[in-house]
Amino acid sequence: MWIFLIVILLLAALLESLSLRGGAGCADGDFSLSKTRAEAGETVELDLTARNLGRLPISYLSLRLGFPLSAQLPEDADTRRDRSLLTVTEVFRLWGRRSRSRALAFSIPKRGVHTVAGRELARGDFLGLRLSTGRLDCRKTLLVYPPPLRSSALLEALGSECGEMSARRWLLRDPVLTLGVREYTGNEPMHEISWSQTARRGELMVREFDFTRSLNCCVLLSVSGLSEDDEDELLDRCCGAARTVCDALIARGVEAALYTNASLVGYRAEPVRSATASLGRQMDVLDILARVSPVACSSPAELAAAALEEQRGAAAFVLISPHADAATAAALQILNARSGFGALTVAVDSLEVDGHD
């Protein structure tokens, strides 16, 4: 009996010694995300892989990951929350030279540039008495787009603006640029009849013209005037309003050019950043709106001047700002004086939002 007990203890001591050989260096972990860009609240799959690099089995291997505090994870996940981070721990048991993968679904409802990073890798000994820890060096970035701001008042104002843009497009055509001819329907003005083509074809024909001005709109997003108390929520609403404007314009066949004076997360600070969006090509604009920070790199007036300089053929301008303050009024005055068509101003703090008081 004693001999059997001694053998058991010796085997346990041997396994304990072997289980600690190499420590955490005999294990590794990594993860990938199913997407790097997502809508707010959209489910993203995290594929976590643990690997045993040694020949001996590992009875306990834990991988700890750090998520933003706003992340929403499954209820059964082993989570821990502190002031700045939400950590998740996943435990694996692996035979020698083997790996295992596990999927973890999560979502982030808040706009921004979010990081999911490896925090720690811990390998336990055979008896569960000690842990050998190391760094889990892997990091992934997820861009979360702002949800559109639901505002009937904003859409109504845009509908009126788009109608005026269409009218301007028809009024500002160049009669020198003739694209072709078509049959006279009885609704066209008499001066559009092509008499040479009429004589050649034996029926009334009218000219079709090109346009001197493209049907596009410049959307200006200013982040100037944000205070520390409202910069987080109000900034997200400003980005949501900018997306609503761009989406509505694109749906009406209008190309949208977005300009902002905000510093963008992950990029060098520039006085003005811009991107264009059209049907099926909205990623650049959405990336900017996801990266917008509350830091202004230029004044609203400088933003307006830069947009006017680059968008000389724009049919309309929409200025979005947190407040209707003096700086916004100065930018609006520049747009009205130099654009020739005026501008629509949206002060987000006083904008009527559907479902809100």
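Throughout, read-outs are computed from the coordinates displayed, never taken from laboratory work. It should be emphasised that the depicted structure is a prediction, and the values quoted were computed from it without experimental measurement. Note that we place each Cβ from the backbone using ideal geometry, even for glycine, and neighbour counts take in every protein chain shown.
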Q.
Report the gain in length on full extension from GLU228 to GLN333: 0.36 nm times residue separation, minus Cα-Cα distance, nm rounded to one decimal.
A. 35.1 nm
Q.
Please report the net charge: other residues with Cβ closer than 10 Å to the Cβ of ARG97, K and R +1, D and E -1.
A. +3
Q: At 7 Å along the Cα-to-beta-carbon direction for both LEU69 and GLU203, put a label point, then send me their distance in nm to one decimal.
A: 7.3 nm
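Which shape class applies to segment 245-324: rounded if a/c is under 1.5, otherwise prolate when a/b exceeds b/c and oblate if not, where a ≥ b ≥ c are the square roots of the Cα gyration tensor eigenvalues?
Values: a/c = 1.77, a/b = 1.28, b/c = 1.39.
It is oblate, given that a/c is not under 1.5 and a/b is not larger than b/c.
Note down the net charge around VAL272, summing +1 for each Lys or Arg and -1 for each Asp or Glu among other residues with Cβ under 12 Å from its Cβ. Mind showing how you got there, number by number?
On the way: positive: ARG273; negative: GLU270, GLU302, GLU309, GLU310.
Spelling it out: positives minus negatives among the neighbours equals -3.
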Q.
Taking the Cα centroid of segment 281-347 and of segment 86-108, what is the distance between the two, rounded to the nearest whole Å?
A. 46 Å
Q) Measuring from label point to label point, each 7 Å out along Cα→Cβ, what is the ARG312 to ALA324 span in nm? A) 3.3 nm
Q. Each label point is 7 Å from the Cα along the Cα-to-Cβ direction; what then is the distance between the points at ASP78 and GLU42, in nm?
A. 3.1 nm
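Quote the FRET efficiency, to the nearest 0.05, computed for GLU270 versus LYS110 with a Förster distance R0 of 35 Å and r equal to the Cβ-Cβ distance. Write out the running numbers ahead of the final one.
Details: r = 25 Å, r/R0 = 0.70.
Calculated transfer efficiency: 0.90.
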Q | Residues with amide H under 5 Å from that of ALA40, placed H, sequence gap 5 or more | A | TYR145
Q) What is the calculated FRET efficiency for SER34 to TRP95, with r their C-beta to C-beta distance and R₀ = 25 Å, to the nearest 0.05? A) 0.35
Q | Å³ per residue enclosed by the Cα convex hull of segment 23-101 | A | 110 Å³
Q) If you count, for each residue, the other Cβ atoms within 10 Å and average over each peptide, how do 296-304, 224-232, 283-291, 114-122 line up from highest to lowest? A) 296-304, 283-291, 114-122, 224-232
Q: Show the residues, 5+ positions off or on another chain, whose built amide H is closer than 5 Å to the amide H of GLY54.
A: ARG97
Q. Taking θ as phi - 60°, what are the ³J(HN,Hα) couplings along segment 138-143 by the Karplus curve (6.51, -1.76, 1.60), each to the nearest whole Hz, with x for Gly and Pro?
A. 8, 8, 10, 10, 10, 8
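Can you give the FRET efficiency for ALA103 and ALA153, using 1/(1 + (r/R0)^6), R0 = 41 Å, r = Cβ-Cβ distance, to the nearest 0.05? Walk me through the intermediate numbers first.
Values: r = 43 Å, r/R0 = 1.04.
With a Förster radius of 41 Å, E is 0.45.
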Q: Order these peptides, 57-68, 234-245, by their mean beta-carbon neighbour count within 10 angstrom, highest first.
A: 234-245, 57-68
Q: In whole Hz, with x marking every Gly and Pro, tabulate ³J(HN,Hα) for segment 38-51 from phi via Karplus 6.51 cos²θ - 1.76 cosθ + 1.60, θ = phi - 60°.
A: 8, 6, 4, x, 6, 6, 10, 9, 9, 9, 9, 10, 10, 10
Q: Step through the residues of segment 192-200 one at a time and calculate ³J(HN,Hα) from phi using the Karplus curve (6.51 cos²θ - 1.76 cosθ + 1.60, θ = phi - 60°), rounding each to whole Hz and writing x for Gly and Pro.
A: 8, 6, 8, 6, 5, 6, 5, 5, 6
